[in-house]
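Novice: The structure under discussion is supplied below as structure tokens; questions concerning it will follow.
The values are calculated or read from the model by the stated rules, or taken from the named source; none is laboratory data. Note that the coordinates shown come from a computational prediction; the quantities given were computed from them, not determined experimentally. Cβ sites come from the backbone with ideal geometry, for glycine too, and all protein chains shown count toward neighbours. Heavy atoms of the whole protein, side chains included, go into the accessibility calculation; ligands, DNA and RNA do not. Shrake-Rupley method; radii C 1.70, N 1.55, O 1.52, S 1.80 Å.
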Amino acid sequence: MDFKIAVIKGDGIGHEIIDETIKILNKIGKKYGHNFKYTEALAGGAAIDKTGTALPEETLNICRGTDALLFGAVGGPKWDNLPGRDRPEQGLLKLRKELGLYANLRPAVMFDELRRSCPLRGDIVEGGLDILIIRELTGGIYFGKKYTESDKAEDTMEYSRHEIERIAHIGFQTAQKRKGILTSVDKANVLETSRLWRKTFEEISPGYPDVTLNHMYVDNAAMQLVYNPKQFDVIATENMFGDILSDEAAMITGSIGLLPSAALGNNYGMYEPIHGSAPDIAGQGKANPIAAILSSAMMLKYSFNLPEEAENIENAVKKALAKGCRTSDIAMKNEKVSTTEEMGDIIALSL
Ligand code: GGG
């Protein structure tokens, strides 16, 4: 089959990790007889440099003409203080909004292959870890009204019932397919938006009698993720809380370089690692391509309905880890460190 994929490498390590991901997709295409046709587009800092804006109209047109979007990462100090210009991150936010990608699935899975050697928590998380964080992606404080003057700045958190309802349904339906436990994370003891969030989840809950709904304040959830991560199965939360909690969950599984994501709307999907552009290691072959490669597996599953091909990629990642391949973020002290390209090669050989 033929599939059209928009590719935005973005900034920093975005290039290296997406190059490895395309290597894997091409091999999968060959193996299963699919033709993946890529069209590159610009967003973020690279787009600011070339066009003056973080999300050129042409990029949106390219995405709209494709079946799915593979995204690397955006941002970097070079674009931090450009007066009167977009920041690179605004390009990513606008892209999600324009394409209607409101549901962000962020699985945090600890690989058995890393459990014993994980630099952080592998030793204490017995029996593995498999959490799915669902982050609302097109509302909240990232999209509310903003205001800045020299000595004052404001960001506004806004949510409509409709925005909460649609993400709540995704949360309940996802929990139904897993263990039937949904934890809704908010800050309802302080925020009005969180009170509406909690009320809406409560109202929807009777429609899903097979799902147990729990509520947790975000500060407690941050603590519980470190203290006892295995109590969670599906977490549904608003935009900023989900951004923060998924980075935290990533470190419990070993590295932020391992976590993929799918940003889904009603008829389009964008797939990106949850990590940013890591300008400090860009261009040095140090980035871990696994998060991006696993994001492409999510693309095969959710946008192209190719579950077998997706599983092939997931298994190849596990095999590469079982063979001892480690980029620097997941290597123990005396372990050999592989480059981004070497990790991509070993995964490709394991397909
Ligand atoms: N691949 C994710 C990425 O580039 N992250 C940088 C960023 O803009 N993060 C903000 C967000 O995800 O909302």
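Novice: Residues that are among the small types (Gly, Ala, Ser): find the helices (runs of 4 or more DSSP H) completely inside region 2-70 holding 3 or more of those. Lay out the reasoning, then the answer.
Specialist: Values: elements: 14-32, 45-51, 57-64.
The qualifying helices (runs of 4 or more DSSP H) are 45-51.
Novice: Return yes when Ala188 is over 21 Å from the mean Cα position of the chain (by Cα) and either open to solvent by less than 80 Å² (accessible area, probe 1.4 Å) or among the aliphatic types (A, V, I, L, M) (or both) and no when it is not. Spell out the reasoning first.
Specialist: Values: over 21 Å from the mean Cα position of the chain (by Cα): yes; either open to solvent by less than 80 Å² (accessible area, probe 1.4 Å) or among the aliphatic types (A, V, I, L, M) (or both): yes.
Yes, satisfied.
Novice: Would you mind finding the one in Thr66, Thr39, Thr59, Thr51 that is of a type in the set (Ser, Thr, Tyr) and within 16 Å of the ligand (Cβ to nearest atom)?
Specialist: Details: Thr66 fails: within 16 Å of the ligand (Cβ to nearest atom); Thr39 fails: within 16 Å of the ligand (Cβ to nearest atom); Thr51 fails: within 16 Å of the ligand (Cβ to nearest atom).
Matching residue, one of Thr66, Thr39, Thr59, Thr51: Thr59.
Novice: Could you grab the pairs with beta carbons closer than 8 Å, sequence gap of 6+ or different chains, first residue in region 37-58 and at positive phi, second one open to solvent by 40 Å² or more (accessible area, probe 1.4 Å)?
Specialist: Final answer for the pair search is Gly44/Glu89; Gly52/Arg85.
Novice: State the number of residues belonging to region 71-93 that are near the ligand (Cβ under 9 Å from one of its atoms), farther than 18 Å from Ser303 by Cβ, open to solvent by less than 40 Å² (accessible area, probe 1.4 Å) and outside any helix (DSSP H, G or I). Quick ask: steps written out before the conclusion?
Specialist: To start, the set of residues in region 71-93 that are near the ligand (Cβ under 9 Å from one of its atoms) comprises 71-75, 87-93.
When the remaining residues are screened for being farther than 18 Å from Ser303 by Cβ, the result is 73-75, 87-93.
Now drop any that are not open to solvent by less than 40 Å² (accessible area, probe 1.4 Å), which leaves 73-75, 88, 91-93.
Going one step further and asking which of them are outside any helix (DSSP H, G or I), we end up with 73-75.
So the count comes out to 3.
Novice: Has region 276-299 got any residue that is among the polar types (S, T, N, Q), in a loop (DSSP other than H, G, I, E, B) and touching a Ser or Thr at 6+ places or on another chain (Cβ under 6 Å)? Let's see the steps before the verdict.
Specialist: Just the residues of region 276-299 that are among the polar types (S, T, N, Q), to begin with: 277, 284, 288, 295-296.
Still in the running and in a loop (DSSP other than H, G, I, E, B): 277, 284, 288.
Okay, now just the ones that are also touching a Ser or Thr at 6+ places or on another chain (Cβ under 6 Å), so 288.
Checked region 276-299: at least one residue is among the polar types (S, T, N, Q), in a loop (DSSP other than H, G, I, E, B) and touching a Ser or Thr at 6+ places or on another chain (Cβ under 6 Å).
Novice: Go through (1) touching a residue at least 24 places away in the same chain (Cβ under 8 Å); (2) at positive phi one by one and return the number of the condition Phe201 breaks.
Specialist: (2)
Novice: Give the residue that is nearest to Leu101 (Cα to Cα), with candidates limited to residues of region 215-244 that are in a helix (DSSP H, G or I), open to solvent by less than 10 Å² (accessible area, probe 1.4 Å) and within 16 Å of the ligand (Cβ to nearest atom).
Specialist: Per the stated criteria, the residue is Asn239.
Novice: Regarding Pro273, is this residue touching a residue at least 12 places away in the same chain (Cβ under 8 Å) and in a loop (DSSP other than H, G, I, E, B)?
Specialist: Numbers: touching a residue at least 12 places away in the same chain (Cβ under 8 Å): yes; in a loop (DSSP other than H, G, I, E, B): yes.
When the stated conditions are applied, Pro273 passes them.
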